[in-house]
Amino acid sequence: MSLLSEFPEIRSQSLMNKMMQTSIDETALRGDLKRDEPMSHHTSWKTGGNADFYYSPADIEDLAMFIAMLPKSLPIFWVGNGSNLLVRDAGVSGAVVSIAGVLDSFEILGDNKLKLGAGLACAKAARNAAKQGLSGIEFLAGIPGTIGGALAMNAGAYGGDTWQCVEQVEIMNRSGDVRTLQREQFEVAYRSVSIAKDEWFISATVKLEKKDSEKIREQIRTMLSERADAQPLGQLSCGSVFRNPEGDYAARLIEACGLKGHAIGGACVSDKHANFIINTGSATSTDIEQLIEHVRHRVAEKFTIELIPEVRMIGDQVDEVSH
Ligand SMILES: Cc1cc2nc3c(=O)[nH]c(=O)nc-3n(C[C@H](O)[C@H](O)[C@H](O)COP(=O)(O)OP(=O)(O)OC[C@H]3O[C@@H](n4cnc5c(N)ncnc54)[C@H](O)[C@@H]3O)c2cc1C
């Protein structure tokens, strides 16, 4: 049993102290501010401890106001749909901001360009682009995140990735100021992009190619059906846990170690796709993190290849929580 579940008042006391030190003028806010919010409600693994503060803004002005009023010492974490996120069981000390479903505009700019809000669901962006006869983001149809998460992760599939069609992005900083940056100002690589600490994506302008709508839709249907054949959809996961090492596949290496079906607590390596870890119902984030470490260890032992997690991990270890 964890220290926190045994002594819940430890977190409440620490939260109480933080709330007293954190001057949030709630009367000025129009969004939804929650305290001690279970992050398991906001991650696709459905695990994770509580966040001190969780804010879903009303709009961009409200978001800027909230960000600017937080003391500089308070860590801020942005999340989208939590579909690539492991939140540790002791929770998140600081403020979590979610713009999923809020800054979710889909603007047609002409010249085959779209401006996509960072809170827009990837699947919706792909579907709406198809409707406009615009091709280039079909692969986003099967990615259960937001445009902001896809930008942060340089999410990709079927040979495409998010930044391949990005021309410019809008960024918000810790003072709540928004500015526009060009694609060339970022270093983009496989599942990563350089973005300064405490800066976050607000929108992206993408340049696409004109094609026949029905052909684009057909392409999306094919991708979704291949995905359903290969991946354990409908089970609680974060998609691929590890990046593919150069010239190989993490799933192949994990399977070759005989780890399909291997479980720690309620976390289990998928029988269908070895790079997926499933929460079979009772998993904690600790179970999942331990299984990730176990898989890394076994693959390193057998192949001398260091698997790098694609999944982002945030939050406190249970024994790190401040009293
Ligand atoms: C079934 C399944 C299939 C998947 N298939 C794929 C796939 O084919 N390809 C692929 O690449 N991924 C895949 N994923 C993983 C995941 O969906 C992607 O990484 C997605 O881009 C994450 O988006 P999100 O909004 O859920 O981000 P989150 O998981 O909420 O956050 C991920 C990271 O992005 C950061 N972030 C989120 N929003 C912003 C923002 N606005 N500004 C700055 N940083 C931000 C967070 O701080 C965090 O570090 C899959 C996941 C699942 C569950």
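So which residues in region 199-234 are farther than 30 Å from A251 by Cα, among the charged types (D, E, K, R) and within 10 Å of the ligand (Cβ to nearest atom), if there are any at all?
Of the residues in region 199-234, the ones farther than 30 Å from A251 by Cα are 199-215.
Now drop any that are not among the charged types (D, E, K, R), which leaves 199, 207, 209-212, 214-215.
Matches in region 199-234: E199 only.
Looking at (1) among the basic types (K, R); (2) open to solvent by 50 Å² or more (accessible area, probe 1.4 Å); (3) within 11 Å of the ligand (Cβ to nearest atom), find the lone condition where R191 falls short.
Of everything listed in (1) among the basic types (K, R); (2) open to solvent by 50 Å² or more (accessible area, probe 1.4 Å); (3) within 11 Å of the ligand (Cβ to nearest atom), R191 misses just condition (2).
Return the residues of region 71-95 that are outside any strand (DSSP E or B) and within 6 Å of the ligand (Cβ to nearest atom); say none if nothing qualifies.
Start the filter on region 71-95 by keeping residues that are outside any strand (DSSP E or B), which leaves 71-75, 80-84, 88-91.
Hits for region 71-95 are G80, N81, G82, S83, N84.
Take residues that are within 11 Å of the ligand (Cβ to nearest atom) and tell me which of the strands (runs of 3 or more DSSP E) falling wholly in region 99-183 contain 3 or more.
The qualifying strands (runs of 3 or more DSSP E) are 166-173.
Might you let me know whether region 146-157 holds any residue that is outside the structural domain of A64 (by TED's automatic domain parsing), open to solvent by less than 20 Å² (accessible area, probe 1.4 Å), touching a residue at least 24 places away in the same chain (Cβ under 8 Å) and farther than 19 Å from G239 by Cα?
no
Quick one: L233 ticks every box in (1) surrounded by 13 or more Cβ atoms within 10 Å (Cβ to Cβ); (2) in contact (Cβ under 8 Å) with a residue 12 or more places away in the chain except a single one, so which number is it?
Every condition holds for L233 apart from (2).
Sort through G261, G266, G239, G176 and tell me the only one that's open to solvent by 30 Å² or more (accessible area, probe 1.4 Å) and of a type in the set (G, A, S). Don't jump to the end; show me each part of the working.
Working: G266 fails: open to solvent by 30 Å² or more (accessible area, probe 1.4 Å); G239 fails: open to solvent by 30 Å² or more (accessible area, probe 1.4 Å); G176 fails: open to solvent by 30 Å² or more (accessible area, probe 1.4 Å).
None of the others qualify; the one that does is G261.
Would you mind finding the one in I99, I60, I108 that is on the phi < 0 side of the Ramachandran plot and surrounded by fewer than 19 Cβ atoms within 10 Å (Cβ to Cβ)? So that I can check it myself, show each step before the final result.
Values: I99 fails: surrounded by fewer than 19 Cβ atoms within 10 Å (Cβ to Cβ); I60 fails: surrounded by fewer than 19 Cβ atoms within 10 Å (Cβ to Cβ).
Just one listed residue meets the conditions, I108.
Is it true that some residue in region 288-304 is hydrophobic (A, V, I, L, M, F, W, C), within 16 Å of the ligand (Cβ to nearest atom) and surrounded by fewer than 19 Cβ atoms within 10 Å (Cβ to Cβ)?
No, every residue in region 288-304 fails to be hydrophobic (A, V, I, L, M, F, W, C), within 16 Å of the ligand (Cβ to nearest atom) and surrounded by fewer than 19 Cβ atoms within 10 Å (Cβ to Cβ).
The values are calculated or read from the model by the stated rules, or taken from the named source; none is laboratory data. Note that the structure is a prediction, hence the values are computed from the model and not measured. Note that we place each Cβ from the backbone using ideal geometry, even for glycine, and neighbour counts take in every protein chain shown. Heavy atoms of the whole protein, side chains included, go into the accessibility calculation; ligands, DNA and RNA do not. Shrake-Rupley method; radii C 1.70, N 1.55, O 1.52, S 1.80 Å.
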